[in-house]
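So the structure is just underneath, and the comments pick up after that.
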Amino acid sequence: MNGPPGVECRILRLLDTGTPLVDTGNETRAMPILGIVVPTPPPDGYARILIDRLGKAGRHLRCEPIGDAAMGSARFYYLGWRDKSGDVWMDLAVTLLEEGLVRVGPEPFPEREEYQRHERRAREQELGIWA
């Protein structure tokens with residue numbers, strides 16, 4: 001199966017901070033999602049997406065670690081659907097922003113402007129934490 005960069009991974013559970021504890025097959029570690037800030041405590045919808053939709057449902061998930069294992073975060077992509085042209089992978093951070101479940105993080109990263117557009121739409125529609 002072709003897909004985005006990174007390795008196949010599985011979300012085992014969420015830490016109290018909302019950080020996913022991830023199994024990559026070679027290691028198990030906490031991997032914050034790059035570019036977002038999770039409210040404390042995390043909203044219910046956040047856990048539903050990460051644990052129920054992605055974890056328990058066995059959806060294909062890829063993690064692209066950024067930085068070292070101790071301090072780094074990761075981009076997460078899940079298989080959205082398959083069509084005639086191939087697999088369609090979705091950026092998990094974008095999904096969480098569109099649902100209004102997280103905020104864009106303060107650190108610089110290449111997708112920042114795109115993420116801010118998704119957060120702005122969720123705010124305008126008063127979704128999730130913006131209700």
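Within 20 Å of PRO4 (Cβ to Cβ), surrounded by fewer than 17 Cβ atoms within 10 Å (Cβ to Cβ) and of a type outside the set (A, V, I, L, M): is that true of GLU107 in this structure?
No, not satisfied.
If I ask for residues that are farther than 15 Å from ILE36 by Cα, out of contact with any Pro (no Cβ under 7 Å at 6 or more places or on another chain), part of a strand (DSSP E or B) and not hydrophobic (A, V, I, L, M, F, W, C), which ones from region 61-107 would you list?
Within region 61-107, TYR78, GLY80, ARG82, ASP83, GLY86, ASP87 meet the criteria.
What residue, among those in region 4-25 that are more than 13 Å from LEU54 (Cβ to Cβ), surrounded by 17 or more Cβ atoms within 10 Å (Cβ to Cβ) and not β-branched (Val, Ile, Thr), is modelled with the highest pLDDT?
GLY18
State whether one or more residues within region 87-94 are farther than 19 Å from LEU127 by Cα and not hydrophobic (A, V, I, L, M, F, W, C).
Yes: region 87-94 contains one or more residues that are farther than 19 Å from LEU127 by Cα and not hydrophobic (A, V, I, L, M, F, W, C).
Which one is nearest to the chain's Cα centre (by Cα), of the residues in region 41-53 that are at pLDDT below 95 and within 23 Å of ILE66 (Cα to Cα)?
LEU50
The values are calculated or read from the model by the stated rules, or taken from the named source; none is laboratory data. What you see is a predicted model; the values in this text were computed from it and never measured. Cβ sites come from the backbone with ideal geometry, for glycine too, and all protein chains shown count toward neighbours.
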